1. Restricting attention to the range 442-469, and to residues there that are of a type in the set (Val, Ile, Thr) and outside any loop (DSSP other than H, G, I, E, B), which single residue is nearest to the chain's Cα centre (by Cα)?
2. Of all residues in the range 292-331, which are crowded, with 18+ Cβ neighbours inside 10 Å and farther than 20 Å from Val61 by Cα?
3. Regarding the range 12-30, can at least one residue be identified that is aliphatic (A, V, I, L, M), at pLDDT 95 or above, outside any helix (DSSP H, G or I) and under 13 Å from Asp281 (Cα atoms)?
4. Does Ser359 satisfy the condition of being in the same structural domain as Cys426 (by TED's automatic domain parsing), of a type in the set (Gly, Ala, Ser), surrounded by fewer than 15 Cβ atoms within 10 Å (Cβ to Cβ) and at pLDDT below 85?
5. Scanning the range 390-418 for residues that are farther than 21 Å from Ser432 by Cα and surrounded by fewer than 16 Cβ atoms within 10 Å (Cβ to Cβ), which turns out nearest to the chain's Cα centre (by Cα)?
6. Give the range 23-63 a look and list any residue that's touching a residue at least 40 places away in the same chain (Cβ under 8 Å), buried (at least 19 other Cβ atoms within 10 Å of the Cβ) and closer than 16 Å to Phe6 by Cα, or say none.
7. In the range 45-71, how many residues are of a type in the set (Gly, Ala, Ser) and assigned to a loop (DSSP other than H, G, I, E, B)?
8. Tell me yes or no: at least one residue of the range 72-86 is buried (at least 20 other Cβ atoms within 10 Å of the Cβ), outside any loop (DSSP other than H, G, I, E, B), touching a residue at least 12 places away in the same chain (Cβ under 8 Å) and in contact with a Gly (Cβ under 8 Å, 6 or more places away or on another chain).
Amino acid sequence: MRTGLFIQTGLRGVEREESLRYISKMLPLSVVLFGNDFSNEKELTELISKINHIYVVENNVPAPFIAVDQEGGNVVRIPWIDYSPSNLFLGKLDNPEFTNYVGMLTGYQLNSLGIRWNLAPVLDTLNGYNPVILERSFGSDLETIGKHGAEFIKGIQSYDVRATAKHFPGHGSVMVDSHVDLPEDKRNVESIINDSYPFRKAIDEGVSSIMLSHVLYNSLDENYPATLSAEVQKLLRHSFNYRNLIISDSMDMKAVKGRYDVSEIIKGSIKNEVDVIENADIVGSMEFYEQIQNIDTALLKPKEERIMQFMQPFKKLSYKPSPLLMRSVETVSSRIRRRKILNPDIEADLVLMDSKDESQVAEISKSTNLVSTHLADLNLKLKLHYGTEFLENMKESGRQIILVGRNEHLRSRVNLMNAISGKNNCVFISTSFDGDIGIVSEKMGYISTYSKKPSVIVGAILKAYGFMS
């Protein structure tokens, strides 16, 4: 029995060549990559090739499952592909066929890069303003989340890419980020199980894996988060009758690391219902590897069988989904929350507040060539600015200003925006969760995109001028 089958590891913690030596020793089931592991497609392809060579050529075992968190929206690891819009965008659009298409396009592109496991979709319920989940969720309606989660899973798995529903039984009712501390969900059992409904829909759809959360659900287990809780894991495995792979969230997150020792983590996860431990730090992964070697193989055998089933290929679609459909739908899908129409005959300042250079502007310009209406064709007079320096130094009044960006945790930026809205004609295009609409001045138009994709922003700009409804 290969011990590494029960581990998904990242490459963090050591230099690249040393990390590959760790990989050669452990031969984990999966290697999860993050954005800082590569800077372009060439580097990504070379890295995957090196990892696969270690398995197939040097050790004569099947290639590992290269994994990423390609959730869409603002959580992407491979920004240059046609990644999906955010889940919140898809939930607001509420077109299940389009969500299925987004899953298909994501699966096709990941598979073409040699990535066969996507740690998505997020099926957490957005219970109010939640800075941890935000646009990662399909929304607050359980039926909507379940419906769109299932469609995304169906789409991505049709291209032989494993999906992961996360974070069971739900991370949407806690405000603490498990990367930095241990969140506690103090609701009753009924509420927790009710919010886990989307995971039932994912199970019905045949989702390949489910990720447990690093949240302490006091009414289910007063001592351990879901990743280490026998009670929560039994709920998933037995009450929900889930027969596929269960994976932990990364064990190097501070909700767990430093709070529980390695032996306690192994006892609560692998010795319970968890099949695969994720750990982004490769040195820590080696510690888990050494501990798993000491576990009775009889306990590991059912897990190995589930992993072998997980590794079986799906029947893969042979055609490539067209990215043009995504772009055309995105262009019309932003939402006008507070209408204010700008005058197309007067120059406007387009302020890309989250951009420090011209790259985003170049992408927006490029995007206009891919949609049916081009900004250039309309002869709009747009003066481009990057960052917030233009706003900070602004002395004039009576101008037209289009502000593009996201505001969570940035109250000082909101104050700056509100100050200029009193003496200028302003529209704010929010590229994130729209929970700040109550603190943005009512004098300012407000358009929600739930996405920072150029094609969506282009559509929102057109709506600011009244060219689209």
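1. Of everything passing the filter in the range 442-469, Val456 is nearest to the chain's Cα centre (by Cα).
2. Pro321, Met326, Arg327, Val329, Glu330, Thr331
3. no
4. For Ser359, the condition - in the same structural domain as Cys426 (by TED's automatic domain parsing), of a type in the set (Gly, Ala, Ser), surrounded by fewer than 15 Cβ atoms within 10 Å (Cβ to Cβ) and at pLDDT below 85 - is met.
5. Result: Glu392.
6. Listed by number, the residues that qualify are Ile23, Met26, Pro28, Leu29, Ser30, Val32.
7. Here the count works out to 1.
8. Among the residues of the range 72-86, not one is buried (at least 20 other Cβ atoms within 10 Å of the Cβ), outside any loop (DSSP other than H, G, I, E, B), touching a residue at least 12 places away in the same chain (Cβ under 8 Å) and in contact with a Gly (Cβ under 8 Å, 6 or more places away or on another chain), which makes the answer no.
The values are calculated or read from the model by the stated rules, or taken from the named source; none is laboratory data. This is a predicted model, so every value here is computed, not measured. Methodologically, a virtual Cβ is constructed for each residue, glycine included, from the backbone with ideal geometry; neighbour enumeration extends over all protein chains shown.
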